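S.K.: Sharing a structure here in structure tokens format.
The values are calculated or read from the model by the stated rules, or taken from the named source; none is laboratory data. Nothing here was measured: the structure is a model prediction, and the numbers come from that model. All Cβ positions, even for glycine, are placed from backbone atoms using ideal geometry, and neighbour counts span all protein chains on display. Heads up: the accessible areas ignore ligands, DNA and RNA and are worked out on the full protein's heavy atoms, side chains in. Shrake-Rupley method; radii C 1.70, N 1.55, O 1.52, S 1.80 Å.
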Number of protein chains: 2
Amino acid sequence: MRIALGQFNATVGDLAGNVEKMKKMWADAVAAGADLVAFPELAICGYPPEDLVYKKQFVKDNRSALEELAAACPQKTMVVGFVECSEGGLYNAAAAIRAGRIVGIYHKGLLPNTSVFDEQRYFRSGGSPVFIEVEGLRVALTICQDIWDKAWLARFFGGSGRIDLLLNISASPFHMSKIYQRCGVVADCSNLFHCAVAYCNLVGGQDELVFDGRSIVADSTGRVVTMAKAFEEDLLLADIESGEAGAQVRPLQAPTPQPRDEVEEIYQALVLGTRDYALKNGFHQVLLGLSGGIDSAITAAIAAAALGPENVICVTMPSRFNSPDTIADAKLVADNLGCPLLTIPIEPILKPFHESLQAEPRWNDKGLAYENLQARIRGMILMSLSNQMGALVLTTGNKSEVSVGYSTLYGDTAGGFSVIKDVLKTMVYRLADHINRRSGREVMPVSVIQRVPTAELRPNQRDRDSLPEYDVLDRIIMGYVEQDQSARELVESGLPADEVERVIRMIDRNEYKRRQSPPGVRITAKAFGKDRRLPITNHYATTIKNSKSEIRNPKQSPNPESQ
Amino acid sequence: MRIALGQFNATVGDLAGNVEKMKKMWADAVAAGADLVAFPELAICGYPPEDLVYKKQFVKDNRSALEELAAACPQKTMVVGFVECSEGGLYNAAAAIRAGRIVGIYHKGLLPNTSVFDEQRYFRSGGSPVFIEVEGLRVALTICQDIWDKAWLARFFGGSGRIDLLLNISASPFHMSKIYQRCGVVADCSNLFHCAVAYCNLVGGQDELVFDGRSIVADSTGRVVTMAKAFEEDLLLADIESGEAGAQVRPLQAPTPQPRDEVEEIYQALVLGTRDYALKNGFHQVLLGLSGGIDSAITAAIAAAALGPENVICVTMPSRFNSPDTIADAKLVADNLGCPLLTIPIEPILKPFHESLQAEPRWNDKGLAYENLQARIRGMILMSLSNQMGALVLTTGNKSEVSVGYSTLYGDTAGGFSVIKDVLKTMVYRLADHINRRSGREVMPVSVIQRVPTAELRPNQRDRDSLPEYDVLDRIIMGYVEQDQSARELVESGLPADEVERVIRMIDRNEYKRRQSPPGVRITAKAFGKDRRLPITNHYATTIKNSKSEIRNPKQSPNPESQ
């Protein structure tokens, strides 16, 4: 039996567009001799449709689109994900289509409702296994999460007979190194049922999520025999035979090169996420402020790879606090990438702004307010250009800054998409080296990589005046944000107690700032966004001593921006 | 048996503060002769704690806080909500405490996971009823949602014997007229079990939610015998006797005056929501831009009621497009309310900004970009003052504007809290009249109420040049946003087809703007925010004709701000 996994880039809500893509892939698969063609979870409507499924018309339209697809594909067997409305409830479903007709419908059993997932908000759980016969093989249908709980899966299929092939259609979002987990899950399924496993994943960017593809066919020993492309559309073909010794899998294509390490993986995720956010929202050009620092340089490089350097308009906006070196480096980065560069000095705007604000006697040019004003003038210049030119503004803050609120709301956080918002500063440096290695030249100048980080909003300012060194900061963030560790656990892991308490306080107090920041690519298992839902109004403080006295009320002081 | 319902204003995460408040209320209740004292759902940690419950230390600290409360309350019986960690899972639980010891724990059975609720993200469902005996009465414990599904509730208590009193501890957020539903639910429970019902609700603002209190004691005929204060802390006392004829309830206090209509209800919700957001986040002063229009006037009035007029700093920021009338009205509103007023004209900033932007040849002063620039200069002035003075910026956009994106991102949307973001323009007018009636004088000047709405960003601009009349616009928003009606249903209800399609397109396209807007008080059953989770990247378009051809791909054009 020949299987084809149609790993395509769906767009949420684009029912007609998604159907068109599947028709074309189906035709290619049939031309290549496929007996069974599978498409990802909720392929008809894109994933995740979120509250669109509350619209009755949307669910009806998604059903019509499924029927249109079925009618247009009159040969062989096809499995495709859609939203089913049945018995008054909604199901995350897979339709089995044969000879242009729907011959079976499977309802997803396990509905994830943690992390970025809200499936129990929308769907009911299905209860019964569905099998289809294709060329003498007995194929069990599953959807995404169903195969991630081995005990549940064993119970679910217990007593329902032989399985030759377990087919799983997924919309499994990328995070760093998740592919290893996924291969492990596929192998576990093979071992559990002594069957082949075909895993068809979605590809593409959808708001904060990136789906990385890498669909898999494994044999009954759990060996991954063939894997589709990473971060690209692909039609993965394999022949599957079932015999006494289990299921054999023969690939039909030469192996595709896969990302060699986590830095390349992240790079590709950022490029795809940025490209899809821009293009799917109708933007062919982006705008960003280039400071001469590493964060904006990396953002520009990723945007250039995503949309072409000619479509990445860089703007440098110097003030009297910018050194000649950083101004020169901004120009160098734009030149290296081949991006157009516009220069708009901010002093002519800063001065009258400062004068007007003196209407309030407390206003002065000595503190945070004056620093924030500079960042906001830059944000407004970018937004003004964006409105005039129809280009999307990219923000350039990294996850370390986003965590502790080392940014100016409506200043450097102003924009439509935040490319590296989930990339820690230490990883930003690794990405810079990687980009240079990858391109075989010094696209990211050494002077940019080696400069001591600074916001250049006052004379001789350095990030380290306000923050711990980035290696310490990033370890605290990984523990506290990504793993929900307590202050005590962090200190026990060897981190300095004073820094742990200071950083946690900063993270907790800056939830309001993150809430108003643009979306950006998720690359870790816990990004800010749907992954981490914390109240803004929150008096809880985790402290190092574990005693009754730690139940205290840290009266929040006003939250001036803290760039 | 004398019951006391401790309707208090909890703060999320403030374990020590919440315990202190309950200790004091418990002492007052015991002094008043209470046998049973109840506190709201998750009273120990505040509601909703969201992802705080993912922190193991938080759950432990919440348990310690519960034990501290129990030990401090050695007399009578108490029921209080907390997060329980048991058998490896978390439960939304109610502890029954007697003589300082925990004598029973009930686990919430129905976990809401729609609307603003995410309880299945955190909690497991409980399975067994828990009863306590107090002064000879058999009291069944329930938590919030448990009583909203009559069929489930009947099954849950089926065969578990007589119930004299059904106690429900809740954290039921306010929306317009919800009190009628709630009274209906309480009456249904009385009728179902022929018992008295005591319903203890939370009060206070928590980010977007406002809990309105109005705890209830009903007798076994379903009659609400006594109700606690609306939007205020209160200790509601009643005597309950059970006999052959069912349960009798005798109130111990004179009836409290309740809001007489939905406009008063909304007014009080806005005041409490604004006060609690400001104070719980450490702000005693707020700042806002006063334009001479009705939205900012209403926002100022609510802020003045919440925090005292002397703490509401109004800023008027005229340009050459503002008429002398609106400038005079801004001053009049500030004077009427007794708020300080600062005047900062924007022309001296607008001019150099405009000149600097000419570095980009396409820049001009004729279109949306130039209009947005004016709004952004105002937003930056407010944020600069906020950073310098430590005052919270309030934004003044109403729900009609928020829906269609009739606003400038980082301009009039810049701020920490958006007081009327869930109030439609037509309701803004009703609120203005109400505020005048309520105060017995013309606080909101007639000239403000009667002015044709305008943003004053270009000569002779009027809202109606870009938008339908507000009564039509608001009906479309109510149907499409609040009730998920399709375009066809809206047209069938009598709304003009062209306006329906135009408004829906605007609503869909402005999701990105709402995502970066500040939180604000929720007053309807579906506000923007946690209530309505739509993708930004979304190609679905609902159209009027219901045919296959409507599955179309509306390629999104760039999204310039559309003030």
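S.K.: For the range B:1-143, taking Cα atoms only, what is the radius of gyration to one decimal and the Dmax to the nearest whole Å?
M.R.: In order Rg, Dmax, the Cα atoms of the range B:1-143 give 14.4, 41 Å.
S.K.: Here's a follow-up. Quick one: pull the percent of accessible area on the range B:18-117 belonging to carbon and sulfur, 1.4 Å probe, ligands and nucleic acids left out.
M.R.: Working: 1630 of 3020 Å².
C and S fraction of accessible area: 54 percent.
S.K.: Please give the net charge around B:K55, taking every other residue with its beta carbon less than 10 angstrom from that of B:K55, where Lys and Arg add +1 and Asp and Glu add -1.
M.R.: Values: positive: B:K56, B:K60; negative: A:D484, B:D51, B:D61.
Overall, the nearby charge balance is -1.
S.K.: Continuing with the same structure: What is the Cα coordinate range of the range B:162-278 on the first, second and third principal axes, sorted by size from largest, in whole angstrom?
M.R.: Sorted largest first, the three principal extents are 50, 26, 22 Å.
S.K.: Report, in degrees rounded to the nearest 10, the 0 to 90 angle that the Cα long axis of helix A:425-439 makes with the longest principal axis of chain A.
M.R.: 70
S.K.: What average number of partner chain Cβ atoms lie no more than 10 Å from the Cβ of the residues making up B:58-70?
M.R.: Details: counts 4, 0, 2, 9, 2, 0, 5, 2, 0, 1, 2, 0, 0.
Mean partner shielding for this stretch: 2.
S.K.: Still on this structure: I'd like the orientation of helix A:294-307 relative to chain A: the angle between its Cα long axis and the longest Cα principal axis, in ° from 0 to 90, rounded to 10.
M.R.: So the inclination is approximately 40 degrees.
S.K.: Still on this structure, please answer the following. Give the Rg (one decimal place) followed by the Dmax (whole number) of the range B:455-525, computed from C-alpha coordinates and expressed in Å.
M.R.: 13.7, 38
S.K.: Would you tally the net charge around B:S172, using a Cβ to Cβ cut-off of less than 11 Å, leaving B:S172 out, and scoring K and R as +1, D and E as -1? Mind showing how you got there, number by number?
M.R.: Details: positive: B:K178, B:R182, B:R214; negative: B:E41, B:D212.
That sum, taken over residues with Cβ under 11 Å, equals +1.
S.K.: If we hang a label 7 Å off Cα along the beta carbon direction at A:E87, how far is it from the matching labels on the other copies, in nm, shortest first?
M.R.: 2.5
S.K.: Let me ask something additional. Note the angle between two axes, namely the Cα long axis of helix B:15-31 and the longest principal axis of the Cα atoms of chain B, as a number of degrees from 0 to 90, rounded to the nearest 10.
M.R.: Here the helix axis deviates by roughly 50 degrees.
S.K.: If you scale each eigenvalue of the Cα gyration tensor by 5 and take the root, what three semi-axes come out for chain B, rounded to whole angstrom and sorted largest first?
M.R.: Details: eigenvalues 437, 137, 97 Å².
Its equivalent ellipsoid spans semi-axes of 47, 26, 22 Å.
S.K.: Cross-link list A:K55/A:K399; A:K24/A:K150; A:K150/A:K178; A:K280/A:K399; B:K55/B:K421; A:K21/A:K55: which exceed 29 angstrom alpha carbon to alpha carbon?
M.R.: Working: A:K55/A:K399 35 Å; A:K24/A:K150 35 Å; A:K150/A:K178 17 Å; A:K280/A:K399 24 Å; B:K55/B:K421 32 Å; A:K21/A:K55 24 Å.
Check vs 29 Å cut-off fails for A:K55/A:K399; A:K24/A:K150; B:K55/B:K421.
S.K.: Moving to a separate point now. Calculate the tail of P(r) for the range B:225-307: the fraction of all Cα-Cα distances greater than 22 Å, expressed in %. Each step should come with its number before you reach the end.
M.R.: On the way: 1640 of 3403 pairs.
Value for the range B:225-307 (Cα pairs over 22 Å): 48 percent.
S.K.: Can you show me the helix-derived [θ] at 222 nm for chain A, built from DSSP H runs with n ≥ 4 at -39,500 (n - 2.57) apiece and divided by the number of residues, rounded to the nearest 500.
M.R.: Numbers: 18 runs with 204 residues, N = 563.
That comes out to -11000 deg cm²/dmol.
S.K.: When Lys and Arg each count +1 and Asp and Glu each count -1, what net charge do the other residues less than 14 Å away from A:L341, Cβ to Cβ, add up to? Walk me through the intermediate numbers first.
M.R.: Values: positive: A:K331; negative: A:E310, A:D329, A:D335, B:E360.
After counting each charged neighbour, the total is -3.
S.K.: Need one value: the accessible area of A:Y406 in square angstrom, 1.4 angstrom probe, rounded to the nearest 10.
M.R.: Rounded to the nearest 10, the figure is 10 Å².
S.K.: Then there's this: Please list the three semi-axes, largest first and in whole Å, of the ellipsoid equivalent to the range B:16-62, using sqrt of 5 times the eigenvalues of its alpha carbon gyration tensor. Could the numbers behind the result be given before it?
M.R.: Values: eigenvalues 140, 20, 12 Å².
Over the Cα atoms of the range B:16-62, the semi-axes work out to 26, 10, 8 Å.
S.K.: List the pair-distance distribution P(r) of the range A:398-528, using every Cα-Cα distance, as the percent of pairs falling in each 10 Å bin from 0 up to the bin containing the longest distance, rounded to whole percents.
M.R.: 11, 39, 37, 12, 1
S.K.: Got the A:R438 label distances to the other copies yet, label 7 Å along Cα→Cβ, in nm, shortest first?
M.R.: 5.7
S.K.: I've got another one for you. With every protein chain present, what is the per residue accessible area of the range B:1-104 (1.4 Å probe, Å²)?
M.R.: Details: 2920 Å² over 104 residues.
Value returned for the range B:1-104: 28 Å² of accessible area per residue.
S.K.: Work out the P(r) tail for the range B:319-364: percent of alpha carbon pairs separated by more than 13 Å, whole number. Mind dumping the intermediate values first?
M.R.: On the way: 692 of 1035 pairs.
Counting every Cα pair in the range B:319-364, those more than 13 Å apart make up 67 percent.
S.K.: Expressed as a whole number of Å, what is the distance separating the alpha-carbon centroids of the range B:1-47 and the range B:214-256?
M.R.: Taking the Cα centre of each part, the range B:214-256 and the range B:1-47 sit 17 Å apart.
S.K.: Among A:166-172, A:251-257, A:515-521, A:447-453, how do they line up by average Cβ neighbours within 10 Å per residue, starting with the highest? Please list the in-between numbers first.
M.R.: On the way: A:166-172: 26.1, A:251-257: 11.9, A:515-521: 23.9, A:447-453: 15.0.
Going by the mean number of other Cβ atoms within 10 Å, highest first, we get A:166-172, A:515-521, A:447-453, A:251-257.
S.K.: From the label point of A:R155, set 7 Å from Cα along Cα→Cβ, how far away are the matching label points in the other copies, in nm, ordered shortest to longest?
M.R.: Ordered by distance, the counterparts are at 1.8 nm.
S.K.: Quick one: if you take sqrt(5λ) for each eigenvalue of the C-alpha gyration tensor of the range B:291-424, what semi-axes come out, biggest first, whole angstrom?
M.R.: Numbers: eigenvalues 134, 55, 41 Å².
The three semi-axes for the range B:291-424 are 26, 17, 14 Å.
S.K.: Which far-off residues, 5 or more places away or on another chain, put their amide H under 5 Å from the one on A:A10, with H placed in the peptide plane?
M.R.: A:V203
S.K.: Please report the Cα spread of the range A:56-126 along all three principal axes, rounded to whole Å, starting with the longest.
M.R.: 39, 24, 23
S.K.: Next up: Need one number: the % of Cα-Cα pairs in the range B:283-359 sitting beyond the 19 Å mark.
M.R.: Working: 1148 of 2926 pairs.
Distances greater than 19 Å cover 39 percent of the Cα pairs.
S.K.: Then there is this: What is the log10 of I(q)/I(0) for the protein assembly as shown, computed with the Debye formula using one identical point scatterer on each Cα and no solvent, at q = 0.05, 0.08 Å⁻¹?
M.R.: -0.34, -0.90
S.K.: What fraction of the DSSP beta bridges in the range A:1-141 is antiparallel, stated in percent and rounded to the nearest 5?
M.R.: Details: 20 of 26 bridges.
The antiparallel proportion sits near 75 percent.
S.K.: Taking only C-alpha pairs under 8 Å that are 6+ residues apart, what is the relative contact order of chain A in percent?
M.R.: Values: 1179 pairs, mean separation 61.5, N = 563.
Once normalised by length, the contact order is 11 percent.
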